[in-house]
Amino acid sequence: MAVFGRITGSFAVGVALCLSLAACGKAPNNPYVETAQDKKLNTLYTAFTARPKHLDPAQSYTSDEAEFTYQIYEPLFQYHYLKRPYQLEPLAAAEMPMPVYLDETGNVLPDDAPLNAVKTSVYTIKLKRGIQYQPHPAFAKDAQGNFLYHQLGDEARKYSSPLQFEQQGTRELTAHDYVYEIKRLASSRIVSPILGHMGDYVEGLGELSKTLQEHDKALKEKIQKETGSAFPPATADLPWLDLRQFDLPGAKALDDHTLEIRVNGKYPQFIYWLAMPFFAPIAWEADAFYCQKGFIENNLVLDWWPVGTGAYMLTENDPNSRMVLSRNPNHRGEPYPSEGEPGDEAKGLLADAGKTMPFIDRVVFTREKEGIPYWNKFLQGYYDTSGVSADTFDQAIRASADGDAALTPEMAEKGIRLETSLATSMFYLGFNWLDPVVGPGNSAEEARRAKLLRQAIAIAMDWEEFSQIFTNGRAVPAHGPVPPGLFGYEEGEAGYNTQVYNLVDGKPVRKPVEDALALLKQAGYDNGIDPKTGQPLTLALDTTGGGPGDKARFDWYRKQFAKLNIQLDIRATDWNRFQEKIRKGNAQIFFLGWNADYPDPENFLFLLYGPNSRAKTAGENASNYSNAQYDAMFERMKTMPNNEERAAIISQMTDLVQDDVPWLFAFVPQQFGLIHEWYGNVKPNDLARNSIKYKTIDTAKRDQARKEWNQPEWWPIPVLLLALALFIWPAWAAWKRREQAMGIREDLASTVANRTGGKR
């Protein structure tokens, strides 16, 4: 009976499981556990792959961090969401300012004053009134006006989130907050990546940096002496540094709603920087609040918990799994644009014109380390948008009749839309100008040989093949340092790289390898042989990565150099070590990319400007390229308006670097985005990174799709029941036979006992 009891018990469990599945109204694969209140909110579901390292606007500079910082912080300006070419418009500022140019004596100059005549450019910026910070304990005060949480002492260690504080406060944004942030760029406690660049432009910023370094050095020595410690205290252990006590001539608040910024010389691109979070406001109260001892132990710091005036605020921060942005209840609201490009209205992008943003209440970011789970959840409707990886490309995209990318029927049937755009980005293979082999060396002959070597490699590197293999063709060849979409980019016959391509039937075709081998021979490396060693020339490529997924790419690099009988030594390392080698000028050849900070060709052309050398001045010229002719043209071009004269200079600069080959111009990536039909107001925009406030979600349509796409499969239940029955039947039959046999034996024994009188 015990055996049959166990069997029938298993059957009961199986039946109960089937019944529970039948009674379950929620899709069994729903990855979100949400409260009843969460379900009432209009929520966008998306994913992130890279863990954001910095959320402090003075430090943050990567695209994965921008997903958060641009939604939380508000610089003075932003890019119009719909218009192309990209156009700046006021955000926290009341209007667009016009710079006033001054000479050495402070006299006002005309707008077209020559570069060498302008000593200072003055920007006077009026702020909108009534802008409020998000709720935050840094602003909370008692009835007497004293801050509640600025002197917590040991109590600080029990907090790990600003949301844990009972009292939250706010205040109005002022011009002083922008001044405070600009001063923070100079602080050695923060290490802003733009200090080197901005230190040359914002009047007095470089000097302030030195002052703050000296201040902290003296403070550390004082503390060390007072404590008798053998070592000075760590920077993180220093008390709060009130930057209000330090003067900065280049940034002043003329009153609470008027900001003055003074820039050395004439730098028209400076206004673009004012649209980046580097120049977002930081309230001194927030800085002081987060500098309390004990907070850093639980990551309760500004770099982890931002404090802004934007449409959203961070309410959940676990960068290893999930991050959540929620609507800032103090946000003033902004009107959705009422105009855009031709065709935007037909696409429905102007349907919400004039309505108050933001439209979405909450954004849930889930970290996805693998592409396939992300893709599957997108197809199930649990993510509202997705990119297209190499693994999912064939499932999502097919070539249309005219050769363009189009959705597969399976995607189209789900109502999914495809959005494509060329990124304002450039990828390149750089040569280190300080290297004795690939750089110009110390003589005209060494320079000639190195140039021929670089030109040969430029022909051999088949970036068209690279694009087909590693990007599914989602890239266009790069012919110069300015990507498509920016002023100065030349299309067609005028823009192709004559050093690398021949023009065939009006289209550029890569030159044959034989041409590269001829150049190599002229360089003294006949058939790739180094005359000094008698062996194939060996060059080194520094890059990041080294995992299994990178092997194919590394093999491809080696294959390209092997066309010239050159051996390529690939030195793969992590990002920090790679950056260190670039900073010191120790890399020979390297692969890098650049995303546009602002829509001006200067933002790419300055990457080859000699005085911006990474090794010599800590600038962004990672190749350490130096050409006096190029530098002179750059200095003239950078302050000019977009006219024919400027275009002609950019063309000459492009010709020069095509011949010099400090870079192998690789490709400009093409972005593919898949959008569910319930996700509205989506238009690719590489520069308007504060774009979530413009988007809409039709939650009813999404809920319906999730139900349809995630219906439980009921057919296994009767199959399971039948399988259980078939499994139980033999056992039951055997048990029945055993019982019957036992009954017969008992009857027989009873009969025998009766006949023998109970004797055997």
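Within the range 461-509, if we keep just the residues that are among the acidic types (Asp, Glu) and not in a loop (DSSP other than H, G, I, E, B), the residue that is nearest to Asp550 (Cα to Cα) turns out to be Glu465. Please determine, by comparing only the residues of the range 40-70 that are among the polar types (S, T, N, Q) and under 13 Å from the mean Cα position of the chain (by Cα), which one is modelled with the highest pLDDT. For the range 40-70, the residue satisfying everything is Thr69. Once the range 642-661 is narrowed to residues that are assigned to a loop (DSSP other than H, G, I, E, B) and in contact (Cβ under 8 Å) with a residue 24 or more places away in the chain, the residue that is nearest to Leu195 (Cα to Cα) is Asn642.
Scanning the range 187-246 for residues that are outside any helix (DSSP H, G or I), crowded, with 16+ Cβ neighbours inside 10 Å and among the polar types (S, T, N, Q) gives Ser187, Ser188, Ser192. Pairing residues of the range 301-330 that are closer than 16 Å to Gln164 by Cα with residues that are small (Gly, Ala, Ser) and surrounded by 22 or more Cβ atoms within 10 Å (Cβ to Cβ), at Cβ distances under 8 Å and at least 6 apart in sequence or on separate chains, gives Leu302/Ala286; Val307/Ala138; Val307/Ala283; Val307/Ala286. Residues that are of a type in the set (Phe, Trp, Tyr) and surrounded by 16 or more Cβ atoms within 10 Å (Cβ to Cβ) number at least 3 in the following strands (runs of 3 or more DSSP E) confined to the range 357-457: 425-431. Flag: Ala475 matches the condition of being out of contact with any Asp or Glu (no Cβ under 7 Å at 6 or more places or on another chain), of a type in the set (A, V, I, L, M, F, W, C) and at pLDDT below 90.
Kindly establish whether Phe289 is closer than 30 Å to Val122 by Cβ and either in a strand (DSSP E or B) or not β-branched (Val, Ile, Thr) (or both).
no
Select from the range 513-558 the residues that are without any contact (Cβ under 8 Å) to a residue 12 or more places away in the chain, under 40 Å from the mean Cα position of the chain (by Cα) and part of a loop (DSSP other than H, G, I, E, B) and list them in ascending order. Gly547, the sole residue that qualifies.
Looking across the range 247-261, just one residue is farther than 17 Å from Phe279 by Cα and either in a helix (DSSP H, G or I) or without any contact (Cβ under 8 Å) to a residue 60 or more places away in the chain (or both), and that is Asp247. Listed conditions (1) of a type in the set (D, E, K, R); (2) under 30 Å from Tyr272 (Cα atoms); (3) surrounded by 14 or more Cβ atoms within 10 Å (Cβ to Cβ) are all met by Arg583, apart from (3). Is it the case that the range 204-219 has a residue that's acidic (Asp, Glu) and within 22 Å of Tyr73 (Cα to Cα)? No; the residues of the range 204-219 include none that is acidic (Asp, Glu) and within 22 Å of Tyr73 (Cα to Cα). Out of all the residues in the range 326-347, is one or more in a strand (DSSP E or B) and within 14 Å of Asn42 (Cα to Cα)? Yes: one or more hits.
So that you can scan it fast, the table gives a plain yes or no per residue for (1) farther than 16 Å from Tyr489 by Cβ; (2) modelled with pLDDT of 90 or more; (3) hydrophobic (A, V, I, L, M, F, W, C); (4) in a loop (DSSP other than H, G, I, E, B):
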site: Arg583; (1), (2), (3), (4): yes, yes, no, no
site: Ala587; (1), (2), (3), (4): yes, yes, yes, yes
site: Phe591; (1), (2), (3), (4): yes, yes, yes, no
site: Asp597; (1), (2), (3), (4): yes, no, no, yes
site: Asn603; (1), (2), (3), (4): no, yes, no, no
site: Leu607; (1), (2), (3), (4): no, yes, yes, no
site: Lys616; (1), (2), (3), (4): yes, yes, no, no
site: Tyr625; (1), (2), (3), (4): yes, yes, no, yes
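Checking Glu166, Glu74 one by one, the residue that is farther than 19 Å from Arg262 by Cβ, in contact (Cβ under 8 Å) with a residue 40 or more places away in the chain, of a type outside the set (Gly, Ala, Ser) and not in a strand (DSSP E or B) is Glu74 and no other. Pairs under 9 Å by beta carbon, first residue farther than 21 Å from Ser613 by Cβ in the range 571-588, partner of a type in the set (Lys, Arg) and at pLDDT 90 or above, six or more apart or different chains? Once the first residue is farther than 21 Å from Ser613 by Cβ and sits in the range 571-588, its partners that are of a type in the set (Lys, Arg) and at pLDDT 90 or above give Arg571/Lys581; Thr573/Lys581.
Filter the range 95-136 down to the residues that are of a type in the set (Val, Ile, Thr), part of a loop (DSSP other than H, G, I, E, B) and surrounded by fewer than 11 Cβ atoms within 10 Å (Cβ to Cβ) and list them by number.
Thr105
Selection of the range 540-556 for residues being of a type outside the set (D, E, K, R) and touching a strand residue (DSSP E or B) at 6+ places or on another chain (Cβ under 6 Å) yields Ala540, Leu541, Thr543, Gly545, Gly546, Phe554.
Within the range 669-714, if we keep just the residues that are in a helix (DSSP H, G or I) and of a type in the set (Asp, Glu), the residue that is nearest to the chain's Cα centre (by Cα) turns out to be Asp703. Candidates in the range 515-542 are the residues that are among the acidic types (Asp, Glu) and farther than 20 Å from Ile570 by Cβ; of these, the one that is surrounded by the fewest Cβ atoms within 10 Å (Cβ to Cβ) is Asp526.
Yes/no per residue for (1) surrounded by 13 or more Cβ atoms within 10 Å (Cβ to Cβ); (2) closer than 30 Å to Ala50 by Cβ; (3) of a type in the set (Ser, Thr, Tyr); (4) not assigned by TED's automatic domain parsing to the domain that holds Gln455:
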{"position": "Ala494", "(1), (2), (3), (4)": "no, no, no, no"}
{"position": "Gln499", "(1), (2), (3), (4)": "yes, no, no, no"}
{"position": "Asn502", "(1), (2), (3), (4)": "yes, no, no, no"}
{"position": "Arg510", "(1), (2), (3), (4)": "yes, no, no, no"}
{"position": "Thr544", "(1), (2), (3), (4)": "yes, yes, yes, no"}
{"position": "Lys559", "(1), (2), (3), (4)": "yes, yes, no, no"}
{"position": "Asn565", "(1), (2), (3), (4)": "yes, no, no, no"}
{"position": "Leu568", "(1), (2), (3), (4)": "yes, yes, no, no"}
{"position": "Gln579", "(1), (2), (3), (4)": "yes, yes, no, no"}
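From the list Tyr149, Tyr81, Tyr86, the one residue that fits, being of a type in the set (Ser, Thr, Tyr), in a loop (DSSP other than H, G, I, E, B) and at pLDDT below 95, is Tyr86.
Set side by side, the residues Ala622, Ala618 differ, and just one is in contact (Cβ under 8 Å) with a residue 12 or more places away in the chain, buried (at least 21 other Cβ atoms within 10 Å of the Cβ) and over 18 Å from Ala447 (Cβ atoms), which is Ala622.
Results for (1) surrounded by 19 or more Cβ atoms within 10 Å (Cβ to Cβ); (2) over 20 Å from Ala186 (Cα atoms); (3) at pLDDT below 95; (4) under 26 Å from the mean Cα position of the chain (by Cα), shown as yes or no for each residue.
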site	(1), (2), (3), (4)
Ala251	yes, no, no, no
Ile261	yes, no, no, no
Ala275	yes, no, no, yes
Lys293	no, yes, yes, no
Ala311	yes, yes, no, yes
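The values are calculated or read from the model by the stated rules, or taken from the named source; none is laboratory data. On a predicted model such as this, the values are computed, not experimentally measured, just so you know. Cβ coordinates were reconstructed from backbone atoms using ideal geometry, including for glycine residues, and neighbour counts include every protein chain displayed.
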